[in-house]
1. Going through region 196-209 one residue at a time, which ones are surrounded by 14 or more Cβ atoms within 10 Å (Cβ to Cβ) and either touching a Lys or Arg at 6+ places or on another chain (Cβ under 6 Å) or assigned to a helix (DSSP H, G or I) (or both)?
2. Being within 21 Å of THR192 (Cα to Cα), of a type outside the set (Gly, Ala, Ser), touching a residue at least 40 places away in the same chain (Cβ under 8 Å) and assigned to a helix (DSSP H, G or I): is that true of LEU263 here?
3. Within region 228-243, restricting attention to residues that are in contact with an Asp or Glu (Cβ under 9 Å, 6 or more places away or on another chain) and assigned to a helix (DSSP H, G or I), which residue is nearest to GLN278 (Cα to Cα)?
4. Of all residues in region 237-260, count the ones that are in contact (Cβ under 8 Å) with a residue 60 or more places away in the chain and basic (Lys, Arg).
5. Looking only at region 246-285, which residues are aromatic (Phe, Trp, Tyr) and closer than 14 Å to PRO234 by Cβ?
6. Got at least one residue in region 156-175 being out of contact with any Lys or Arg (no Cβ under 9 Å at 6 or more places or on another chain), surrounded by 13 or more Cβ atoms within 10 Å (Cβ to Cβ) and over 21 Å from SER101 (Cβ atoms)?
7. Can you tell me how many residues in region 210-236 are in contact (Cβ under 8 Å) with a residue 40 or more places away in the chain and surrounded by 12 or more Cβ atoms within 10 Å (Cβ to Cβ)?
8. So how many residues does region 258-285 have that are farther than 21 Å from LEU186 by Cα, among the aliphatic types (A, V, I, L, M) and surrounded by fewer than 13 Cβ atoms within 10 Å (Cβ to Cβ)?
Amino acid sequence: MAAKPSIAIVGPGRLGTALAVTLGRAGYPISEIVCRNNSAAKRKAVALARKVHAARASTINGARLNADVVWFCVPDREINNAAHQLASTTDWKRKIAFHSSGALSSDELNILRHRGSAVGSIHPMMTFVNGSTPSLKGVPFAMEGDAAAIRAGRRMVRDLGGEAFTIQKQHKIAYHAWGSFASPLLVATLVTAEHLARAAGLSHREARWKMLPIVKQTIANYETLGPAGAFSGPIVRGDGEIVRKHLQALKKVPEAREVYLALARAAMRYLPSRNRAQLKKALEG
């Protein structure tokens with residue numbers, strides 16, 4: 001395989017776009033962007049192909065897959081089906097196939113493995129949303145699969161500026177749940193706080209902007225001081241009376257109350273706190 005193998009991206013969505021752009025910038029030739037057979041997907045594939053100077057944009061039915069590496073960037077539920085649809089498209093011997101599910105193992109690509117391809121899963125611990133293309137520099141990539149695929153994947157991640165690490169396939173669901181706490185559930189916590197701010201007389205927009213300084217400082221403290229050093233508030237002080245009053249006020253926003261109780265109990269288990277008996281009584285009252 002060439003020092004910089006050619007790559008076909010299957011799925012021009014948010015992740016596929018980010019990978020195609022960053023891989024292209026790192027000197028990897030993007031030979032093909034493959035999409036589903038509908039007009040919206042075709043428009044995305046053509047736009048991405050132009051952006052990364054890909055040789056062609058194609059649909060699943062018209063794909064050539066002449067690339068050294070075929071990277072599946074489709075939703076988790078579609079990986080196995082996409083692999084089966086493309087299994088007869090090309091000779092898979094000496095090719096490498098990746099998918100980027102954080103939850104599913106490389107076994108989703110078993111049909112390609114049986115046809116001679118080395119297969120693997122490579123998942124960047126990063127969030128990809130519309131309107132934002134994050135840098136992959138310093139991003140950890142969890143890797144699992146065949147030895148040849150892992151070797152190739154490590155080189156590619158290094159060239160992207162990321163940090164590759166291996167994970168056992170049986171640990172992938174726990175790994176993915178961990179990532180959910182780091183981003184989507186963090187957003188869920190913040191939007192819950194927005195709704196609670198309504199009970200304090202603020203609009204969602206006001207709450208969002210007024211929260212940002214403390215949120216940013218908390219993340220900075222977590223990074224530099226660790227979780228215990230970043231933890232503040234009535235639980236670390238052991239102020240059970242304030243916790244009790246919080247829970248009384250939160251009856252107006254039941255969903256926020258449930259989140260508060262769950263996180264407060266987690267805090268008492270994992271973080272320093274005083275007057276634990278008083279706090280426990282407040283949480284159970």
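1. Filtering region 196-209 for residues surrounded by 14 or more Cβ atoms within 10 Å (Cβ to Cβ) gives 196-198, 202, 206-208.
Correct list: LEU196, ALA197, ARG198, GLU206, ALA207, ARG208.
2. Details: within 21 Å of THR192 (Cα to Cα): yes; of a type outside the set (Gly, Ala, Ser): yes; touching a residue at least 40 places away in the same chain (Cβ under 8 Å): yes; assigned to a helix (DSSP H, G or I): yes.
Spelling it out, LEU263 is indeed within 21 Å of THR192 (Cα to Cα), of a type outside the set (Gly, Ala, Ser), touching a residue at least 40 places away in the same chain (Cβ under 8 Å) and assigned to a helix (DSSP H, G or I).
3. So in region 228-243, the residues in contact with an Asp or Glu (Cβ under 9 Å, 6 or more places away or on another chain) come out as 230, 233-234.
Filter again for assigned to a helix (DSSP H, G or I), leaving 230, 234.
Numbers: ALA230: 22, PRO234: 12 Å.
The extreme case among them is PRO234.
4. Count: 0.
5. First, pick out the residues of region 246-285 that are aromatic (Phe, Trp, Tyr): 260, 270.
Result: TYR260, single match.
6. yes
7. Restricting attention to region 210-236, the residues satisfying the condition of being in contact (Cβ under 8 Å) with a residue 40 or more places away in the chain are 227-228, 231, 235.
Restricting the remaining residues to those that are surrounded by 12 or more Cβ atoms within 10 Å (Cβ to Cβ) gives 227, 231, 235.
Of the residues in that region, 3 qualify.
8. Total satisfying the criteria: 1.
The values are calculated or read from the model by the stated rules, or taken from the named source; none is laboratory data. Since this is a predicted model, take the numbers as computed values, not measurements. Don't worry about glycine lacking a Cβ; one is built from the backbone with ideal geometry, like all the others, and counts go over all protein chains shown.
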